[in-house]
Structure formats: structure tokens, C-alpha cells
Amino acid sequence: MDPSSRGAPRRESIRQARRMSNWTAAALIAGTGTAAVALAHQAHQATAAGVAAAVAAPAGGTAGTAGTGTSAAAGPAVAHSVATTTASGVTVTTTTRTVNGKTVVTRVRHAPAGQDD
Amino acid sequence: MTCGAAGLTRPGPWQRAPWQRVATGDDTVAVAERAALGTSARVAVWPPENLGAACAATGDVLAALDLQASRFRPDSELSWLNEAGGGLYMLGDGLAEAVGVALAAARWTGGLTDPTVGAALVSLGYDRDFAAISQGGEPLGIPALAPVPAPGWPLVRLDGPLLRLPPGIRLDLGATAKGLGSDRAARAVMSATGAEGGVLVSLGGDIAVAGTPPRDGWPVAVAEEPDQAVPSQLVRLAAGAVATSSVSCRRWRRGGAVLHHIVDPRTGHPADGPWRTVTVAAATCADANAASTAAIVAGARAQDWLTTAGLPARLTGHDGRVRRLGGWPADDGAPVPVPRGSHVYPGGPR
């Protein structure tokens, strides 16, 4: 048998093995890249959620950076005011008049509707 | 050692008042209001179906606070303490927390608020529920007594539930109690509703929010007087709290002088600084409550104190001039920045 014809199947086997190896390497590289991108995305989401939670429920200790906390909002849109911050809800109007030479102070109380004292 | 008056359960007269629904123009939130603690309490929640649970939880919190810390109920634990004449007392958990918050606020404000101001308030005539002082429009030409400066909060020692109160000191928790009530109620509502949605609790205009706020925050009006027809400003509150103190209401006359309820602990006189109303935002309502009162008492130093404390604030002078500090918004509908961290609760916000 011709030595050159004996070596042909062997060379073909080697080429086939190399092709397989190249495809395997390419697949490994692509898979690693995809996994890295996915992990980086998840890490970013976790960080953003942590920041939002910190704004909505500020941690203890001394005063820190101010924030409006609106980034954590996912509630309904509310257009009208639901409460008023003001001094305590009883006001009194004081009037002074003179009756028979004596000073009389009269006060009229204004309280929220339904107040029961 | 003497035990406090814990365990008394007689309800205050305001507890007969029912919750009443309040129409706000939005059906995505539910709002209800009732009388409470000599003023009014308001609850706003979303989703609206949580309103019943929210009102029940808030009512329980306020009833408990009234029984613990009211200076005007003879059967409250605080009244019992003030009449006991000094000594060593084992407080109930609720009053221990309330006194602890008041002492922490006094320390934080450098004595601009002081829970030992009780005798000063009594000497000025503020010895009963404010509505009772003014009821009936009767003339009050009572001669003024000599001013009684506060003995000083450092004389009061609290170690857990154990309180050492020197003889002659009467405690008044007015600078922090409403804020504490709003904080407790907001927390109780979130617990009762399984932390679903969000809640706003206002006790006499001192407001705490918890949970998830409406988009852009809870819309809150800022007014200098409770009956003001047109609010001064609308702001958005997404977290934390906002509180207002003013010398424009809760006023009475004694010995020819018009008095009000915010007393300078250093002098025993009603505070007479340049600001008539101060609104402050803070991480908790007790912080905001204490800071707004402290700013009124601080007078000309109020801006410096608020700036050092890092608190957003809106101050209105007796001449109507408005100053905004710490990022308090100038525009209507803008969000209020909320500082982090509490100065009055151990371990931060509650």
C-alpha cells in the first residue's frame, strides 16, 4: 500500500477533530459572554432596588442625604390634597368690649366638624 | 418604687365620635376623619378598601396614647405621675416610649423643647383640654401668675421603663406626643393591612406617611391656621413626615395678656419670636413635631438651628414673610425632600 494513501484518512481525522474543537471553543466563548451579560444586568437591578428601598424607608442614625422618595412610588395618581399640615385644629377668636365700665373678653371657638370635647 | 396607673381603661369623651368619610375628589384613596385628643385625626389609605382596618388601628393607637400621655385626663398614666409628687416609677411601655422620645427631643433641640414645662403651662392657665378653656366664650380675666421656667429635662432620668422624677416637676409631652401618635398610627395601619398599599395619618395637622405612597407622593396642603380657606401651598410627601407649629391658634387671655400654648422652657413665658408658623419635614413625625416647636421657641435663631439640623422647613413671620430652608419647595405641587434618620427614636425611624 502507498504510504501517502495510508496517511490520508489520518489527516482527515485530525482536520475533523480540529473543526470540532474550534466549534466547541466558539460555543464556550459565546456562552460565557451571555452569562456575564445576564449576571451584570441582575446585579444592576438589585442595586437599583436597594437604593429605592433605602429612599422609601430611610435607615436609622444621623441625618443623611435628603431625597423626595418618589422613585419608590408605585401607587395611584392622587390629584387632590388629602390632608393639611397646620397648627392643632382649634382656633379661638377673642374680642374685648366694655360693659358697664368693665372689660369683658369673649371668645368664640372654631373647631373641626364633628369634634367632641 | 411605685407603679404607674397602667391598666385603667376608661375611654375619653372624644372616643365616642365616629369616623366620618371625607370626599377628596379621588376615588383611588379613601379618607376618614374624627375628633381625637382635643383635635382631629385623619386617615388616608390606598387601596380604599383598607379604610376600615386603618381607622380601627388608628383609633386603638390614639386611645392608648390618650390613656398613657394626656395631661388633661385625670386617669391617664401621666396625670397620675404628675400628681404623685416625685419618686421612682415603673412606667408602662407606651408612656416609657413617650417620655423617652420627649427627653431625646429635648437633648436634640438643646432644651428648646422640654418635657418639664408642665408647671409653666399650668401657671399660664393651660391646665385642661384647650377646648374646655375656651368653651362658652366666658370672660377670663384671671390675674397672671409669675412665670415658671422649666426645671430642666436633665433632672429627669429614664432607664428603660424606670423613671426618676424629682419632686415638683410636672411633665408635658406636647412637643412630641402628637407626632408620636401619628408615627404609631401609621405603623399600626401598615401592620393591620399586611403592608398593602400606603397610609397617611394626620393628628392635628402633624402628618406621618408609611408604605407605598401615591405616584409623586401624598398631596398635602400647608396652612397657617386650621380654618384657613385657601391653603398657602400644596406639597407632595412620599415618605417620612411633616408637622406644623404656630402661635396663631390655641391662644387665650390671662391677666390682660393674650397667651398661646408654645412656651419657652427657659423663661416660662409664651414664645415671642419673629415666626408665627413653622412647618418642618423630617424622617418621623415626632422629629418634625419637636423641630417645628423648637423653631418657634428659637425665635431669631430658628433658621440657624433648622439649617444645622438639616431639616427642610417653611417659616412664616408675623408680617407674613415666608422663608424656605433646606430644600423646601417654592412651587405648588412639588415634592418635599425627606431627610433620613431620626433624632428622637432609638435606632432611627419608627
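Would you mind stating whether B:L81 is assigned to a helix (DSSP H, G or I) and touching a residue at least 60 places away in the same chain (Cβ under 8 Å)? For B:L81, the condition - assigned to a helix (DSSP H, G or I) and touching a residue at least 60 places away in the same chain (Cβ under 8 Å) - is met. Each residue in the stretch B:39-72 was checked for being within 12 Å of chain A (Cβ to nearest Cβ) and closer than 26 Å to B:S245 by Cα, and 8 pass.
Of the residues examined, B:S246 is not one that is among the polar types (S, T, N, Q), within 24 Å of B:F72 (Cβ to Cβ) and modelled with pLDDT of 90 or more. For the stretch B:194-232, the candidate set comprises residues that are surrounded by fewer than 22 Cβ atoms within 10 Å (Cβ to Cβ), more than 8 Å from chain A (Cβ to nearest Cβ) and touching a residue at least 40 places away in the same chain (Cβ under 8 Å); within that set, the residue that is farthest from B:V278 (Cα to Cα) is B:E196. Tally the residues that are farther than 15 Å from B:S245 by Cα and buried (at least 24 other Cβ atoms within 10 Å of the Cβ), restricting the search to the stretch B:284-327. Result for the stretch B:284-327: 1. Restricting attention to the stretch B:93-109, the residues that are closer than 20 Å to B:L311 by Cα and touching a helix residue (DSSP H, G or I) at 6+ places or on another chain (Cβ under 8 Å) total 8. Taking the criterion of being part of a loop (DSSP other than H, G, I, E, B) and at pLDDT 85 or above, the residues of the stretch B:268-292 that qualify are B:G273, B:P274, B:A283, B:T284. Number of residues in the stretch B:158-183 that are among the charged types (D, E, K, R) and touching a Gly at 6+ places or on another chain (Cβ under 7 Å) equals 3.
Reported count of residues in the stretch B:23-50, each being under 23 Å from the mean Cα position of the chain (by Cα) and touching a residue at least 24 places away in the same chain (Cβ under 8 Å), is 11.
The values are calculated or read from the model by the stated rules, or taken from the named source; none is laboratory data. In this text the structure is predicted, and so the values were computed from the model without any measurement. Here the Cβ is made from the backbone with ideal geometry for all residues, glycine too, and neighbour counts use every protein chain on show.
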